[in-house]
Amino acid sequence: MIGLLQLHDLFKTHPANMWISEAALIIFCLSYAAMANINGTRWEKHSQIIGIFRILSGTLVAVSLSSIHLPHQLSWLFYVIWALMVLIVVAFTWIYPEA
């Protein structure tokens, strides 16, 4: 019961971070279910795109929940680092598509 009360407090103290983490968690769960159901169908060619959404949304959940532990003025720092890492990964996969 105490854990549920503390979660409710997090939605009051860090509403943007919590809603971002909830949305990213929903996207992660949907993409995970889609990957499980897409194998062996004609939609299998889209599995790489769904996999990218799964990775990005999963890391965004971790980043948004981790940013709660920082002071409110520095919570944007985790999002900037996450965005830079996303750009690096996208650039790497664009330059080296076979890797």
Has the stretch 40-59 got at least one residue that is over 24 Å from residue 94 (Cβ atoms) and within 12 Å of the chain's Cα centre (by Cα)?
no
Tell me yes or no: at least one residue of the stretch 25-32 is outside any helix (DSSP H, G or I) and polar (S, T, N, Q).
no
Give the stretch 41-99 a look and list any residue that's among the small types (Gly, Ala, Ser), in a helix (DSSP H, G or I) and without any contact (Cβ under 8 Å) to a residue 40 or more places away in the chain, or say none.
47, 51, 57, 58, 62, 66, 83, 91
Just to be sure I understand, how many residues within the stretch 45-99 are loosely packed, with under 15 Cβ neighbours inside 10 Å, closer than 16 Å to residue 20 by Cα and of a type in the set (Phe, Trp, Tyr)?
1
Qualifying residue in the stretch 34-46 (condition: under 18 Å from residue 61 (Cβ atoms) and either at pLDDT 80 or above or of a type outside the set (S, T, N, Q) (or both))
yes
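The values are calculated or read from the model by the stated rules, or taken from the named source; none is laboratory data. Computed from a predicted structure; not experimentally measured. With ideal geometry, Cβ positions are generated from the backbone for all residues, glycine too; neighbour counts draw on all protein chains shown.
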